[in-house]
Amino acid sequence: ALLALVVLWAIKVYTTWAAWGNLTIDSGHEMYVPELLAGGKMLYRDVWFLYGPAAPYFNSVLFRVFGLHLDVLYWAGSLSALGSAIFLYLCGLRLSSWLVGWTAGAVVLMEAFQPTLFCFPLPYGFAAVYGCLVGCLFLWLVISACTSSAWPWMFAAGLAAAAALLIKLEFGIACYGTLGLLIVIRAIQQKSWKIFAKDVAAT
């Protein structure tokens with residue numbers, strides 16, 4: 001099933017390559033802002049940007065490492081789509097329904113490569129793309145934390161929520177709201193203030 005997701009992803013990348021986004025109208029800032037940051041400019045001081053700092057700074061690092069090329073963003077967005085699909089599949093496995101998880105992942109891949117602004121390889125905003133990836137990772141961590149009382153799951157979920165907040169405010173608020181609910185539920189189920197304190201500290 002996992003291999004089938006990878007094959008589906010590869011087919012979508014190949015058949016839609018370079019047909020994404022709208023460079024002259026809305027997607028251009030997703031190349032321009034990271035390019036300025038890679039050149040030493042500072043976000044919010046030298047460059048105006050609407051969302052959190054994580055996505056443009058991450059893309060600027062990619063530009064520094066792999067070169068200033070549109071293909072770098074194509075691959076970053078495409079691999080984010082694959083990562084989102086894989087984490088949804090893993091969520092299905094955790095919930096004892098691999099088929100549901102696989103279907104959710106396949107739907108994301110089918111929608112992620114549409115030749116519009118609302119694709120993953122060159123979207124209107126990479127904050128939404130990376131937010132989706134981190135959100136899917138967060139979902140898998142939260143489901144894992146539901147079946148284990150070990151603190152590392154909560155610590156990892158807290159890190160994912162923090163990353164989501166730095167990427168896009170809406171994703172961060174949703175993650176922290178879910179995390180807060182999980183902490184309360186775990187404390188009630190275990191009837192332990194100690195677990196509540198440990199979970200809050202880990203978060």
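The values are calculated or read from the model by the stated rules, or taken from the named source; none is laboratory data. Just so we're clear, the structure is a prediction, and the values are computed from it rather than from any experiment. Methodologically, a virtual Cβ is constructed for each residue, glycine included, from the backbone with ideal geometry; neighbour enumeration extends over all protein chains shown. All accessible areas refer to the heavy atoms of the entire protein, side chains included, with ligands and DNA or RNA removed. Shrake-Rupley method; radii C 1.70, N 1.55, O 1.52, S 1.80 Å.
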Exercise for the section: Take the alpha carbon gyration tensor of segment 117-203, find the square roots of its eigenvalues, order them as a ≥ b ≥ c, and report rounded if a/c is under 1.5; if not, report prolate when a/b exceeds b/c, else oblate. Expected result: prolate
Problem - Proximal aspartates and glutamates to Lys168, defined as alpha-carbon separation beneath 15 angstrom and excluding residues fewer than eight positions away on the same chain - result: Glu30
Exercise for the section: Leaving out ligands and nucleic acids, note down the accessible area per residue over segment 47-159 with a 1.4 angstrom probe, in whole Å². Expected result: 45 Å²
Exercise for the section: Might you work out the accessible area of Val33 for me, using a 1.4 Å probe with all protein chains in place, and round it to the nearest 10 Å²? Expected result: 10 Å²
Exercise for the section: Tally up the carbon and sulfur contribution to the accessible surface of segment 87-177 as a whole percent, 1.4 Å probe, everything protein left in place. Expected result: 78 percent
Handout entry: For segment 31-63 versus segment 146-191, the gap between their alpha-carbon centres in whole angstrom
Key = 28 Å
Handout entry: In Hz, Karplus ³J(HN,Hα) per residue of segment 155-167 (6.51, -1.76, 1.60; θ = phi - 60°; x = Gly, Pro)
Key = 4, 5, 5, x, 5, 5, 5, 5, 4, 4, 5, 6, 7
Exercise for the section: Please state, as a whole number in µm²/s, the translational diffusion coefficient that the Stokes-Einstein equation yields for segment 1-65 at 37 °C and 0.692 mPa s, with Rh defined as the Kirkwood radius across alpha carbon pairs. Expected result: 237 µm²/s
Practice task
Answer with a single label: of [x] 18.7; [y] 16.7; [z] 12.1, which was calculated as mean projected area of the Cα convex hull in nm² from the structure in view?
Solution key: [z]
Practice task
May I ask you to rank Trp102, Trp9, Trp20, Trp75 by accessible area, largest first, using a 1.4 Å probe over the protein chains only?
Solution key: Trp75, Trp102, Trp9, Trp20
Exercise for the section: Let me know the charge dipole size of the chain about its Cα centre in debye, to the nearest 20, where only the beta-carbon of Lys, Arg (+1) and Asp, Glu (-1) is charged. Expected result: 720 debye
